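Asker: Okay, handing you the structure first.
Derivation of every value follows stated rules applied to the coordinates shown; laboratory data play no part. This one's a predicted model, so the numbers in the text were calculated from it and none came from an experiment. We place every Cβ from the backbone using ideal geometry, glycine too, and count neighbours over all the protein chains shown.
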Amino acid sequence: MKVLIIDDEKNICGTIKDIVEDEGHEADFALTFEDGFKKLKEEVYDVIFLDIWLPDRDGNEGLKDIKKYFPETEVIIISGHGNIENAVDAIKHGAYDFLEKPLSLDRIILLLKHISDKIELVRDLKYYKFDLLKKYELIGVSDEITKLKRRIEKIAPTNAWVLITGDNGTGKEHVARLIHLLSKRSNQRFVELNCSAVPSELIESEMFGYEKGAFTGAVSRKIGKIELANKGTLFLDEVGDMDLMMQAKLLRVLETFEFSRLGGNEVIRSDFRLISATNKDIEKEIAEGRFREDLYYRINVVPIHVPPLRQRKVDIPLLIDHFLKESCYNNGLNLKEIDDELMELFVEYDWPGNVRQLKNTVERMVVLSESDKLTVDDAPGFLKGLKNDDFEIISMGLPLKKAKEIFEKNYIAKVLKSTNWNISQSAKILEIERTYLHRKINQFGLKK
């Protein structure tokens with residue numbers, strides 16, 4: 001640490017300077033506020049010992065100036081005429097602590113240790129936040145991703161609620177976390193609830209929490225996601241999958257910011273910023289009676305659309321480079337590269353599973369390849385145009401529900417093709433009613 005002492009008594013300056021240097025820190029001093037403030041403009045100091053009675057400036061007024069122009073510098077006020085009123089004023093105006101003369105050696109050493117620990121902690125938090133920002137950085141130079149970055153930078157510092165839309169695997173959660181990290185709530189919790197992953201009968205208790213004895217199995221109190229998100233960000237992923245009854249209960253909370261835990265009477269207030277995400281066309285869901293229109297208008301204050309990878313293919317080489325480095329590092333392997341022919345396959349493919357599928361594919365190739373250069377021979381079948389490659393579905397990283405839908409559609413299509421679209425015969429093979437098969441054909445848009 002670098003320490004500056006501003007005191008009109010040279011012997012006091014010398015004493016503190018010796019103590020500071022004995023503790024392994026750098027120290028300098030000034031005998032007037034004017035000289036001390038000049039040094040502050042020329043050097044960066046972590047700590048200032050400031051006398052409250054100086055010949056050219058009142059210490060409390062000087063403290064205000066220091067905190068105004070150098071807010072991260074910690075100031076310890078020292079005085080030969082200490083009283084409670086002076087100490088309270090100093091702390092109120094941003095002083096770290098207040099010391100009375102004659103100065104205590106042990107007290108100075110203790111203060112230096114506490115400030116050093118605080119500075120180290122703040123520095124670690126800054127590095128941690130920087131690492132998080134790098135982790136959730138949006139990679140790409142396409143017009144689509146550039147516009148997305150600008151929109152995020154514009155709305156992140158506000159408290160506006162956000163609805164993120166986009167296909168599976170485009171990075172909607174990634175965008176939500178980036179908005180949180182760039183917001184004024186970044187030092188508070190980011191609380192996520194995946195509405196499609198939690199069964200409908202459990203989502204209420206997950207969201208609101210419950211009291212002990214609220215239902216069979218409630219052996220202790222549980223704090224819900226909304227309460228946990230107080231002062232922070234609540235992220236409702238796949239909000240389009242929430243059932244209508246739960247939508248009504250959520251709407252009431254969003255209107256009042258108040259709720260009660262299941263089995264409890266206490267009214268709890270939570271101050272949170274809401275970010276929602278969905279891969280569904282909510283306006284279509286509203287038209288078909290599966291989503292409340294009033295809830296849609298409540299959560300859709302600022303809409304953000306994350307483009308699919310097929311619309312920003314220029315970004316694919318940059319993403320591959322990033323995922324190559326990440327996969328090699330995470331798996332303790334030498335850095336691998338990719339040849340031009342394989343890169344062409346990556347760029348030409350449409351990536352229905354988007355960035356998630358691309359990342360999973362790159363990692364699989366990195367782990368399984370024997371060479372430090374990835375070639376077409378290392379590519380999975382679907383990249384080379386081969387059909388029925390199970391890894392294509394696996395690499396998309398889809399939820400079980402979606403993966404089952406894809407399998408069901410493909411399997412029914414194959415059975416229909418094998419019977420030359422004989423509905424009765426196909427229904428017999430599938431062991432379902434003909435009317436149900438017709439519904440499935442319409443649902444999946446299958447055509448002969």
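Asker: Can you tell which of Val122, Gly166, Leu182 lies farthest toward the positive end of the dipole of the range 101-231, using +1 and -1 charges on the Cβ of basic and acidic side chains (Lys, Arg; Asp, Glu)?
Answerer: Sorting the options by dipole projection puts first Val122.
Asker: Using the basic label-point model (7 angstrom from Cα toward the beta carbon), what is the Asp377 to Glu337 distance in nanometres?
Answerer: With each label point 7 Å from Cα toward Cβ, the separation is 1.8 nm.
Asker: Based on Cβ point charges of +1 for Lys and Arg and -1 for Asp and Glu, what charge dipole magnitude is obtained for the chain about its Cα centre, in debye rounded to the nearest 20?
Answerer: Its charge dipole is roughly 2680 debye.
Asker: Which angle from 0 to 90°, rounded to the nearest 10, does the C-alpha axis of helix 244-256 make with the longest principal axis of the chain?
Answerer: Helix 244-256 and the main axis of the chain meet at about 20 degrees.
Asker: If you don't mind, there's one more thing I want to ask. Do you know the relative contact order of the range 310-395, to the nearest whole percent, from alpha carbon pairs under 8 angstrom that are 6+ apart?
Answerer: Rounded, it is 32 percent for the range 310-395.
Asker: Additional query: Over the chain, what relative contact order in percent results from Cα pairs under 8 Å that are six or more residues apart?
Answerer: That works out to 11 percent.
Asker: So how far, in whole Å, is the C-alpha centre of the range 315-385 from the one of the range 164-178?
Answerer: Distance between centres, Cα-based: 21 Å.
Asker: If the convex hull of the alpha-carbon atoms of the range 310-395 is projected onto planes in all directions, what is the mean projected area in square nanometres?
Answerer: 5.1 nm²
Asker: Could you sort out which of Lys2/Lys67; Lys147/Lys225; Lys68/Lys92; Lys134/Lys280; Lys41/Lys101 sit more than 22 Å apart by Cα distance in this structure?
Answerer: Over 22 Å Cα-Cα: Lys147/Lys225; Lys134/Lys280; Lys41/Lys101.
Asker: Sorted by mean Cβ packing within 10 Å, highest first, what order do the peptides 356-362, 138-144 take?
Answerer: Top to bottom by mean Cβ count within 10 Å: 356-362, 138-144.
Asker: So for the range 144-307, Kirkwood radius off the Cα pairs, Stokes-Einstein at 4 °C and 1.567 mPa s: how many µm² s⁻¹?
Answerer: It comes out at roughly 80 µm²/s.
Asker: At a Förster distance of 25 Å, what's the computed FRET efficiency of Lys64 paired with Arg107, Cβ-Cβ distance as r, to 0.05?
Answerer: 0.55
Asker: Can you grab the distance from the C-alpha centre of the range 7-21 to the C-alpha centre of the range 100-117, Å, no decimals?
Answerer: About 13 Å separates the Cα centre of the range 7-21 from the one of the range 100-117.
Asker: Based on the Kirkwood radius over alpha-carbon pairs, what value in µm²/s does the Stokes-Einstein equation return for the translational diffusion coefficient of the range 2-127 at 25 °C and 0.890 mPa s?
Answerer: Answer, rounded: 170 µm²/s.
Asker: What residues have an amide H closer than 5 Å to that of Asn194, excluding those fewer than 5 places away on the same chain, when H is modeled at 1.01 Å from N in the peptide plane?
Answerer: The list, which skips near neighbours in sequence, is Asp237.
Asker: Report ³J(HN,Hα) in whole Hz for each residue of the range 316-333, in order, from the Karplus equation J = 6.51 cos²θ - 1.76 cosθ + 1.60 where θ = phi - 60°; Gly and Pro get x.
Answerer: 4, x, 5, 5, 4, 4, 5, 5, 4, 4, 5, 5, 5, 5, 5, 9, x, 10
Asker: Starting from the eigenvalues of the Cα gyration tensor, five times each then square-rooted, give me the equivalent ellipsoid semi-axes of the chain, largest first, whole Å.
Answerer: So the equivalent ellipsoid measures 59, 31, 18 Å along its semi-axes.
Asker: Considering only lysines 8 or more places apart in sequence, or on different chains, count the pairs in the range 283-391 whose C-alpha atoms sit under 17 Å apart.
Answerer: Eligible lysine pairs with Cα atoms under 17 Å apart amount to 6.
Asker: So how strong a dipole does the range 144-307 carry about its Cα centre when Lys and Arg Cβ are +1 and Asp and Glu Cβ are -1, to the nearest 20 debye?
Answerer: 800 debye
Asker: Need one number: nm distance between label points at Gln311 and Ala413, each 7 Å from Cα along Cα→Cβ, rounded to one decimal.
Answerer: Roughly 2.3 nm, to one decimal.
Asker: Which residues make up the longest stretch of the chain clear of chymotrypsin sites (Phe, Trp or Tyr not before Pro) that lie in a DSSP loop with no more than 15 other Cβ atoms within 10 Å, not counting the sites?
Answerer: With chymotrypsin sites (Phe, Trp or Tyr not before Pro) excluded where exposed in loops, the chain gives 1-214 as its longest stretch.
Asker: Out of Val88, Ser142, Leu446, whose Cα points farthest toward the positive end of the dipole of the chain (charges: +1 Lys, Arg; -1 Asp, Glu; placed on Cβ)?
Answerer: Result: Leu446.
Asker: If you don't mind, there's one more thing I want to ask. With the dipole of the chain worked out from charges on the C-beta (+1 for Lys and Arg, -1 for Asp and Glu) around the Cα centre, which of Gly289, Ser424, Val75 lies farthest toward the positive end?
Answerer: My answer, from the dipole projection, is Ser424.
Asker: What size of dipole, in debye to the nearest 20, comes out for the range 2-127 about its Cα centre when the only charges are +1 on Lys and Arg C-beta atoms and -1 on Asp and Glu C-beta atoms?
Answerer: It comes to approximately 360 debye.
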